[in-house]
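Notes for the one structure printed next.
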Amino acid sequence: MVRCFLINTVCPVGALSAGESRVLYSRVFGPDVGAVSGQQQQLSPEERRLLQEEKLSVVARQVRSAVSLSREASGRLLVEAVPGEEALALQDADSGVVRLRAGDPFSEEMSALWLGVQSLGFVLVCEPHENLLLAEGTLRNLTRHCLEHVHLLGGGSEVLLKSSRIDVLLSRLLPHGQLLFLNHRFAQSLEKEVAAYMAK
Amino acid sequence: MYSHGSESLIKQAREIQESELQKFYSRLVKLLQGKEIGHETVDSLQRLHLILSATKYTRTLPSELQKRLVPLLSSPSEQLQVLSSAVLRETLPLSGQEHNYNQEHFSQLNSHAAALLLSQTGSRADLSSLCAQLLRSLESRPSEGPSHTLTNTLPILNTILTHSPECLTEDNMTVLSKKLVDWLRYASITQGGGASSGGFFTGPRSRQPVPIAELDGSVSGDFFTVLCVGQGFTEDQWMNVYSFSMLRHWLLTYHSGSNGNTTADAANRLQLSLSLSHSHSFSNDDRSEVDGSVVSMVSATSSSSRLLPPKERLREKAFQYCQRLIEQCDRKAHKRTDTDLQKACLVEAVCILDCVCVEDASLVYRAFPCIKALYGRLSSDLSFARVLLPLAQFYLNHGEMAAVDCECVWKLVFSRFPAELFNDPFLAHELLRFLRVNLESLQLRVPQYTRSFPNLLKFLAWDSPAVVDDFVDLLPSLVTAGTAVELLHTLLDLPCLSATLVLQFRSTCLPISESGGRGLMSLDAFRSPSYRGLFLFLLRGEAGSGDTIDRLSTLHELLAEAADWPRVIQCTQTVPVLLHIFFNKVIMVADEKLLAHLILVQLERSGLLLNIPNYIKEIHRVFSCHLLRLCKLHPSLVVDQSHELLEFAGTTANVYSKEEIYTHVVWVLGEYLSVSCDSRCSVRLITSCFEALEAVLFEITSSAPPPGACRPAPRVITTLMSALAKLASRSHDLIPRVSLFLSKLRTVARGGSVPWCSDEEDLVAIVTRGEELWSLLKAPGVAQSVLTPPPHVTTPQWHRDTNVAMPLRLRLLTSLTHSQ
């Protein structure tokens, strides 16, 4: 299953030091690992939350580096896309996988799939035996919907102020972190539900 | 895309004043007290979420507010469900209220409330009880709860299973296995009416049932799978999707669960199968195999599995499902997304087949015909590479047992994939993971593995940062006595390979007339027949055609312009790390002869590298470090290789161009060219070494450095002086020659500045060292014991002796306590 989904910055941000990344949206699936696994039971809930946030920022930083190294190596120039060009932006996106070793930052090994669209990274952290082909398709699909429904290509702040839209998207397309084998008909009927929600 | 606006919002959310925050809270409480929840409330909730999530520290909400938020979880408006769930996930549950979110009806919670409850379960026990409830809800009749909650159940169960598989009891497993069989194998084969999840109006007034269709539009002739389409879907068809999506994980978890205690497990199975045969008449999951009319290949071949215990029955049904999926993937899908889904389904189906075959070896013989046919169909089409990897896994796990020839599979995995798909990041990740996970098995069964390193390293040369971690794990397995020398050369030329792959990529992407590649000398060279052999050697797929090539320097010249290509630079940064790993491993597998050869390669290659100054410097550093280690481990190597080492140390130019490694070679000669290290070390050898080093030291201290070179490092000079003193202490005839040199040095330095040393402090240090050595050599006996100490002095053991060590420890403790 998918452990978490992130949207983070992969470009320099004024207030942050080089190489840092701002997490704009994050969703961790499943129970509080620290409480359930017993490894961090001596920690208070506040400390466990802090630890989890730190883990997410480790992932965000790793992805940020991966995206910039990959862009540097390919030497492709980024073409700025404007609202309405979501499909184009997605087509142009860079993508890759980062192997997260056991203990760095999760207790087991994970694979972080990333999609770099302009200045943002979209990340799925999966268990390594997961069907990555399916995960890749799901990540693209999610990213497309995020771009459209939270208007990420515009300069607005809807990703922060309408994050509930992303929650709804995830509840349909990646319920509780479960990757789904959806053919276009199943996908359509879920997307109809999503569209109905967004229209309100 | 990321605006200043967003940045300042985050800043505001983080820096909000406590008083302001309290005001915000109380306003929100007031809003929530109102009868209607309007736009303003929704907006405030979203802002509240931002405030809570923008900081990594936990903020505590006033209990009044928190209490008002909880009922929203079950509000009819999804927006309020989502928002309240998101807000509450960022806070801590009120003390004593952990279980307040209606745990008893957990199975009927909406998805957002369930997510909250799951994220706040405080212990494994809570998780177990959630699990039990969910399973109970599955057992009860479907009409009892709202239908959308049913689809939630499997993903939640799968999550719990991931984090804490021991939550499930044997009974739970049986229940779920039975349900999965139902959904996987016996979902409706007619289309659901318009509505997606069996709404109120469907059913009674439905017209003639329309059969489900395949992806190519034809009518489906067999049971429902995720690759079937219709205008709408029934609930059990949705459950089919959810069941298949979690099936592999379920089988894997459950396999590992039953692994531990095989006898007990077998007894359980026996008991289960007995109880099943008794309860056969009223067990509702024992439906007839197929409703009647439609029987395809897959169904026809299935044995009667009704009498199997639930786990085995699920295994059997999973097997049939996957076979049917593989059949269905032959069909041409109308939509591109469905074509992608077919590939993902193939991966999943093959993985599941592998998994059930691992559990029940008797299935291997039934699976192989299908696997072989699939392999035959896909192996020539590299766009299916990522499906072919799970197939390779299947061959690796079961090929031997079924006596199937796997040669062609390995050819594909080790030859074509790296050579042609080196630039696919996902394939690289999966292939390298495949190698890591199966390392032992591969080393045992696939002899090509170690020979394929020139090919495998293409992944590293192309995208070093992404895969270096995998190679850190894999490299040791590639180092054998047979591959070591060629592997070392290959690693050193990895940046060249990187550049060559870029050229290959460009020359296939851009036609010759295209302007993009014009002006690149290296691209012309790459296309020129006269250099073909050089590039082909770099691009070779297998080891064994020679350790390296003669015209390496030509190749380096041709690729000179690649020195600032980002991909090449990234590659140069990973090579030193890998070299360390290489040398650490090689000392474990190599004999002295091979180690001697490796020393020669280091000496030779230190001057034969792609011209990137930082790269050369780093490589010299690695070489120096390991040259020292090798010689320390096998001092007689120095006598063995004295000829080459002396040639290297006697070449003055090396002082300037290879300072680091030169220093180390000189030190090694001075240290280990001694009878105590190797009895073959003759006076003549010591004298010739002395003369070679003396000549160099004389040359660099008597004139200015050659044009273009910087001054020799003080460390080189002192190392040379020490080496000479050491050699002289072993052959006393040489002492007057050192002393003469050292006295001259002092005289020259007194005269003021010298052309070979600009820093006054350095010069003083050099002269001081000279004076020390000189006075030491005045007493040859002492000099020998200081400069060539016997081993019991350099590796003291006396601290291990209780009697000797006790006073030492006491003294140490005393000094520690007194210094406080």
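The values are calculated or read from the model by the stated rules, or taken from the named source; none is laboratory data. Quantities reported herein were computed from a predicted structural model and do not represent experimental measurements. All Cβ positions, even for glycine, are placed from backbone atoms using ideal geometry, and neighbour counts span all protein chains on display. To get the accessible areas, we keep the full protein, side chains included, count just its heavy atoms, and leave off ligands, DNA and RNA. Shrake-Rupley method; radii C 1.70, N 1.55, O 1.52, S 1.80 Å.
Going by the conditions given, is B:Pro495 touching an Asp or Glu at 6+ places or on another chain (Cβ under 7 Å), open to solvent by less than 50 Å² (accessible area, probe 1.4 Å) and at pLDDT 90 or above?
no
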Inset, instruction - Scan segment B:720-748 and report the pairs whose first residue is within 23 Å of B:Tyr662 (Cα to Cα) and whose second residue is open to solvent by less than 20 Å² (accessible area, probe 1.4 Å) and among the hydroxyl-bearing types (Ser, Thr, Tyr), with Cβ atoms within less than 6 Å and a gap of 6+ or a chain change. - result: B:Arg730/B:Ser674
Legend entry - In segment A:157-181, residue surrounded by the fewest Cβ atoms within 10 Å (Cβ to Cβ) [restricted to those that are within 7 Å of another protein chain (Cβ to nearest Cβ) and part of a loop (DSSP other than H, G, I, E, B)]: A:Lys162
Legend entry - Residues (surrounded by fewer than 19 Cβ atoms within 10 Å (Cβ to Cβ), free of Cβ contacts under 8 Å to residues at least 40 places away in the same chain, over 29 Å from B:Arg89 (Cα atoms) and within 11 Å of another protein chain (Cβ to nearest Cβ)) located in segment A:47-88: A:Leu69, A:Glu72, A:Ser74, A:Gly75, A:Glu80
Inset, instruction - Filter segment A:107-134 down to residues that are of a type in the set (Ser, Thr, Tyr) and outside any strand (DSSP E or B) and give me whichever is farthest from the other protein chains (Cβ to nearest Cβ). - result: A:Ser107
Inset, instruction - Give B:Asp473, B:Asp469 a once-over and let me know the one that is of a type outside the set (Lys, Arg), within 14 Å of chain A (Cβ to nearest Cβ) and touching a strand residue (DSSP E or B) at 6+ places or on another chain (Cβ under 6 Å). - result: B:Asp469
Inset, instruction - Report whether or not A:Gly137 is within 7 Å of another protein chain (Cβ to nearest Cβ), open to solvent by 20 Å² or more (accessible area, probe 1.4 Å), in a helix (DSSP H, G or I) and more than 22 Å from B:Val87 (Cα to Cα). - result: yes
Legend entry - Residues within segment B:666-714 that are more than 22 Å from B:Ser739 (Cα to Cα), touching a Cys at 6+ places or on another chain (Cβ under 9 Å) and among the acidic types (Asp, Glu), tallied: 0
Inset, instruction - For B:Arg324, state whether it is over 25 Å from the mean Cα position of the chain (by Cα) and either within 12 Å of another protein chain (Cβ to nearest Cβ) or of a type outside the set (Asp, Glu) (or both). - result: yes
Legend entry - Filtered residues of segment B:603-624 (kept if assigned to a helix (DSSP H, G or I) and in contact with a helix residue (DSSP H, G or I) (Cβ under 8 Å, 6 or more places away or on another chain)): B:Leu603, B:Arg605, B:Asn614, B:Tyr615, B:Lys617, B:Glu618, B:Ile619, B:His620, B:Arg621, B:Val622, B:Phe623, B:Ser624
Inset, instruction - Would you check if A:Ser119 is within 30 Å of B:Arg248 (Cα to Cα) and touching a residue at least 24 places away in the same chain (Cβ under 8 Å)? - result: no
Legend entry - Search result, residues across segment B:11-38 that are within 11 Å of chain A (Cβ to nearest Cβ) and either open to solvent by less than 80 Å² (accessible area, probe 1.4 Å) or closer than 25 Å to A:Lys200 by Cβ (or both): B:Ala13
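Could you please let me know if A:Glu148 is touching a strand residue (DSSP E or B) at 6+ places or on another chain (Cβ under 8 Å), farther than 21 Å from A:Val67 by Cβ and either modelled with pLDDT under 95 or open to solvent by 10 Å² or more (accessible area, probe 1.4 Å) (or both)?
no
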Legend entry - Residues of segment B:327-370 satisfying the condition of being of a type in the set (Val, Ile, Thr) and within 14 Å of chain A (Cβ to nearest Cβ): B:Thr337, B:Thr339, B:Val347, B:Val350, B:Ile352, B:Val358
Legend entry - The lone exception for B:Ala590 - which of (1) crowded, with 18+ Cβ neighbours inside 10 Å; (2) touching a Cys at 6+ places or on another chain (Cβ under 9 Å) it fails: (2)
Legend entry - Filtered residue count, segment A:91-104, keeping only those that are open to solvent by 20 Å² or more (accessible area, probe 1.4 Å) and more than 9 Å from every other protein chain (Cβ to nearest Cβ): 5
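Just for segment A:13-27: of the residues that are within 10 Å of chain B (Cβ to nearest Cβ) and open to solvent by 20 Å² or more (accessible area, probe 1.4 Å), which one is nearest to B:Ser164 (Cα to Cα)?
Once the filter is applied, the top-ranked residue is A:Arg27.
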Legend entry - Within segment B:625-647, tally of residues that are assigned to a loop (DSSP other than H, G, I, E, B) and of a type in the set (Ser, Thr, Tyr): 0
Inset, instruction - Evaluate segment B:326-343: report whether one residue or more is more than 18 Å from B:Gln393 (Cβ to Cβ) and of a type in the set (Gly, Ala, Ser). - result: yes
Inset, instruction - Starting from residues that are surrounded by 14 or more Cβ atoms within 10 Å (Cβ to Cβ) and more than 9 Å from chain B (Cβ to nearest Cβ), keep the ones in segment A:28-46 and report whichever is modelled with the highest pLDDT. - result: A:Leu43
